[in-house]
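Trainee: Below is one structure. I have some questions about it.
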Amino acid sequence: MAIRCTNLILLTIIANISTALRPNMIIFIADDVGYGDLKSYGHPTQEWGPIDDLAEEGMKFTSLYSTNSVCSPSRAALLTGRLPIRIGVYGKNMVFPAQSPNGLPKDEITMPEILRDVGYATGMVGKWHLGINDYTPMSGVHLPHYHGFDWVGTNLPLSNAWACDETKKHMDAPNPFNCFMYNNETIIQQPFSHQYLTKTFVVEASTFIKQQTEKDEPFFLYMSFVHNHVAMFIGKDAKFTSNRGIYGAGIRELSWGVGEIMKEIQSLGIDNNTLVFFTSDNGGHIELCNEGGNNGILKGGKANYYEGGIRVPGILRWPGQISAGTINSNIVSQLDIFTTFVNLAGGETPSDRVIDGRDITQQILGAMKLKNESKTKKRILFFYCNDMLFAVRYGSYKVHFYTMPVKSKEEYADACGEGGFPNKLYVNCLNCPSDCVIKHDPPLIFNVDADPGEGYQLDPALHKLLLLEVKHFLAEHNSTLIKGEDLLSALNQPSQPCCDSSKPSCSCNYP
């Protein structure tokens with residue numbers, strides 16, 4: 001009885017926190033930053049920075065997963081709490097290309113939409129990559145403004161990319177058809193310049209925060225950095241250097257941007273009522289030599305479904321509510337951020353569809369002992385490559401139904417020049433289905449608690465009960481699975497963004 005009463009008291013406290021404080025919420029999402037890229041996650045030579053300070057001041061996750069190993073699907077899941085296959089964010093292009101007539105479906109309910117409905121100001125800067133136009137070059141019907149963001153600053157509707165390189169080390173000149181910058185719904189540069197990109201994000205995000213604080217309104221900010229996706233860059237006046245070269249310098253500029261926003265909320269006196277989450281959309285792109293990410297001890301990386309492709313850094317910070325220096329080793333998905341943030345804001349998750357994320361409020365606020373959380377330890381996470389179920393994480397185990405080959409650094413050394421300089425844009429295996437995909441029957445099994453590098457297969461004959469339990473959960477999952485329409489395969493030339501259709505080059509480098 002005493003234990004039950006204690007739990008009820010804790011749950012009441014949590015409910016009161018949610019209702020009374022309604023914290024400001026910030027999501028910092030990095031691009032292609034690997035599990036082992038940060039000093040606080042064990043990189044031996046990366047310099048310490050403000051992101052690492054977040055880890056000291058809050059909760060660091062060691063088993064946080066994105067839902068996908070490339071950006072459009074994983075970002076769609078983060079903002080909706082739903083697996084990409086349910087949404088339709090899958091298909092042969094893997095991500096939304098510039099000429100796609102599709103985007104995140106309008107009937108999906110996003111985190112900012114729910115937060116806006118319960119009184120939050122919602123803002124966004126940075127990378128979007130969830131759709132742009134439908135069937136005309138300037139319709140903009142899939143841009144962030146149409147998915148719950150009332151204020152949208154400088155943004156890249158597509159992405160930073162190899163084709164956007166301004167250094168002339170990889171490209172003679174940026175390709176305007178892949179490299180464009182918007183402010184809200186308007187193209188402001190094509191191709192865009194990296195010179196003040198991170199600084200612009202920081203200045204605009206700070207202004208948004210100041211304005212909402214002056215209005216005494218809670219806010220939600222989605223700050224989506226383009227570090228550390230190729231092409232590598234450092235702001236013109238940033239002057240960051242690193243032991244790791246250009247990649248490490250990019251990590252330092254990313255961390256600087258996070259730090260500037262943290263300084264802002266502290267100067268405004270809202271630090272104790274601001275919940276911050278830092279993460280990456282997927283693992284590091286290891287085939288890009290020393291201009292690619294580091295996934296530490298984990299096997300694989302971006303575009304595959306070994307741990308290095310989907311286990312990512314994750315940090316939550318909320319002074320006075322989340323204990324500083326906490327390590328959370330439970331299995332957590334980025335899907336859970338949707339449900340947790342919505343509930344803490346006093347909103348309700350949609351009841352007319354399957355929401356795949358769990359509310360982890362009790363975990364982060366200490367109402368459950370992290371070392372003995374058997375329910376979370378036994379949860380199952382599903383990882384799809386397009387509409388193929390590649391793998392599941394279940395308890396201590398990872399079960400692979402399909403894999404992609406992972407080469408050693410020596411095996412893809414032909415893509416790397418002097419000092420690890422990448423000579424070409426290279427991914428060992430990207431699409432699925434494809435000739436490089438390997439089917440496993442029986443599936444591969446790894447104990448990723450004991451063997452996070454997935455180096456030692458377990459004998460399926462000795463783990464029949466495990467496979468039966470996974471089969472049961474798969475049947476349960478499939479009973480609720482209605483696949484969304486494939487949104488990533490379609491191409492439509494008139495959807496290509498173009499700042500001036502009278503110019504065949506679509507180049508408009510406005511000041």
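The values are calculated or read from the model by the stated rules, or taken from the named source; none is laboratory data. Fair warning: this is a prediction, and the values are worked out from it, not measured in the lab. Please note: Cβ atoms are built from the backbone with ideal geometry, for glycine as well, and neighbour counts cover all protein chains shown.
Trainee: Restricting attention to segment 214-230, does a residue exist that is within 19 Å of N155 (Cβ to Cβ), in a helix (DSSP H, G or I) and either in contact with a strand residue (DSSP E or B) (Cβ under 7 Å, 6 or more places away or on another chain) or among the hydrophobic types (A, V, I, L, M, F, W, C) (or both)?
Mentor: no
Trainee: Report, by residue number, each residue of segment 143-167 that is in a loop (DSSP other than H, G, I, E, B), crowded, with 17+ Cβ neighbours inside 10 Å and free of Cβ contacts under 8 Å to residues at least 60 places away in the same chain. It would help to see each step written out before you state the result.
Mentor: The first filter runs over segment 143-167 and keeps only residues in a loop (DSSP other than H, G, I, E, B), leaving 143, 148-150, 157-161, 165-167.
After this cut, where a residue has to be crowded, with 17+ Cβ neighbours inside 10 Å as well, the list is 143, 148-149, 157-161, 165-166.
L143, G148, listed by residue number.
Trainee: Return yes when M223 is in the same structural domain as D32 (by TED's automatic domain parsing), hydrophobic (A, V, I, L, M, F, W, C) and within 23 Å of F277 (Cα to Cα) and no when it is not.
Mentor: For M223, the condition - in the same structural domain as D32 (by TED's automatic domain parsing), hydrophobic (A, V, I, L, M, F, W, C) and within 23 Å of F277 (Cα to Cα) - is met.
Trainee: A further question on this structure: Taking I132 as meeting all but one of (1) crowded, with 19+ Cβ neighbours inside 10 Å; (2) farther than 25 Å from L425 by Cβ; (3) in contact with a Leu (Cβ under 7 Å, 6 or more places away or on another chain), write down the number of the exception.
Mentor: (2)
Trainee: Kindly evaluate D107 against the criterion of being more than 21 Å from T340 (Cβ to Cβ) and out of contact with any Ser or Thr (no Cβ under 7 Å at 6 or more places or on another chain).
Mentor: When the stated conditions are applied, D107 passes them.
Trainee: Please go through segment 206-230 and pick out each residue that is touching an Asp or Glu at 6+ places or on another chain (Cβ under 8 Å) and either closer than 14 Å to L254 by Cα or without any contact (Cβ under 8 Å) to a residue 24 or more places away in the chain (or both). So that I can check it myself, show each step before the final result.
Mentor: Start the filter on segment 206-230 by keeping residues that are touching an Asp or Glu at 6+ places or on another chain (Cβ under 8 Å), which leaves 206, 209-210, 224-230.
If the condition is that a residue be touching an Asp or Glu at 6+ places or on another chain (Cβ under 8 Å) and either closer than 14 Å to L254 by Cα or without any contact (Cβ under 8 Å) to a residue 24 or more places away in the chain (or both), then S224, F225, V226, H227, N228, H229, V230 are the ones that fit.
Trainee: Give me the helices (runs of 4 or more DSSP H) completely within segment 19-112, filtered to those with at least 3 residues that are crowded, with 23+ Cβ neighbours inside 10 Å and touching a Phe, Trp or Tyr at 6+ places or on another chain (Cβ under 7 Å), ordered by residue number.
Mentor: Details: elements: 50-57, 71-80, 84-87.
Fully inside segment 19-112 and qualifying: 71-80.
Conditions (1) closer than 30 Å to G417 by Cβ; (2) in a loop (DSSP other than H, G, I, E, B); (3) in the same structural domain as L104 (by TED's automatic domain parsing), marked per residue:
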position: M138; (1), (2), (3): no, yes, yes
position: V141; (1), (2), (3): no, yes, yes
position: P174; (1), (2), (3): yes, yes, yes
position: E204; (1), (2), (3): no, no, yes
position: F208; (1), (2), (3): no, no, yes
position: M232; (1), (2), (3): yes, yes, yes
position: K236; (1), (2), (3): yes, yes, yes
position: F240; (1), (2), (3): yes, yes, yes
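Trainee: Among what's in segment 332-343 and is in contact with an Asp or Glu (Cβ under 9 Å, 6 or more places away or on another chain) and of a type in the set (A, V, I, L, M), pick the residue that is nearest to N431 (Cα to Cα).
Mentor: L335
Trainee: Do you know which residues across segment 89-117 are closer than 17 Å to E348 by Cβ, among the aliphatic types (A, V, I, L, M) and under 19 Å from the mean Cα position of the chain (by Cα)?
Mentor: Passing the criteria: I109, M111.
Trainee: Any residue at all in segment 255-262 that is touching a Cys at 6+ places or on another chain (Cβ under 7 Å) and either assigned to a loop (DSSP other than H, G, I, E, B) or of a type outside the set (D, E, K, R) (or both)? Don't jump to the end; show me each part of the working.
Mentor: Here is the first cut: in segment 255-262, the ones touching a Cys at 6+ places or on another chain (Cβ under 7 Å) are none.
Within segment 255-262, not a single residue is touching a Cys at 6+ places or on another chain (Cβ under 7 Å) and either assigned to a loop (DSSP other than H, G, I, E, B) or of a type outside the set (D, E, K, R) (or both).
Trainee: Tell me, please, whether a residue that is touching a Leu at 6+ places or on another chain (Cβ under 9 Å) and at positive phi can be found in segment 113-128.
Mentor: yes
Trainee: Go through (1) part of a loop (DSSP other than H, G, I, E, B); (2) in contact (Cβ under 8 Å) with a residue 24 or more places away in the chain; (3) touching a strand residue (DSSP E or B) at 6+ places or on another chain (Cβ under 7 Å) for A490 and report which single condition fails.
Mentor: (3)
Trainee: Then there is this: Just give me the residues in segment 266-276 being surrounded by 21 or more Cβ atoms within 10 Å (Cβ to Cβ) and of a type outside the set (S, T, N, Q), in sequence order.
Mentor: Applying the first criterion (surrounded by 21 or more Cβ atoms within 10 Å (Cβ to Cβ)) to segment 266-276 yields 274-276.
L275, V276 - these are the residues of segment 266-276 that are surrounded by 21 or more Cβ atoms within 10 Å (Cβ to Cβ) and of a type outside the set (S, T, N, Q).
Trainee: Looking only at segment 447-472, count how many residues are surrounded by fewer than 16 Cβ atoms within 10 Å (Cβ to Cβ) and out of contact with any Ser or Thr (no Cβ under 6 Å at 6 or more places or on another chain).
Mentor: The qualifying residues number 12.
Trainee: Could you please find all residues in segment 219-240 being over 23 Å from the mean Cα position of the chain (by Cα), more than 19 Å from G292 (Cβ to Cβ) and not aliphatic (A, V, I, L, M)?
Mentor: K236, D237, K239
Trainee: Please work out if H170 is more than 21 Å from the chain's Cα centre (by Cα) and assigned to a loop (DSSP other than H, G, I, E, B).
Mentor: Working: more than 21 Å from the chain's Cα centre (by Cα): yes; assigned to a loop (DSSP other than H, G, I, E, B): yes.
Against the criterion (more than 21 Å from the chain's Cα centre (by Cα) and assigned to a loop (DSSP other than H, G, I, E, B)), H170 qualifies.
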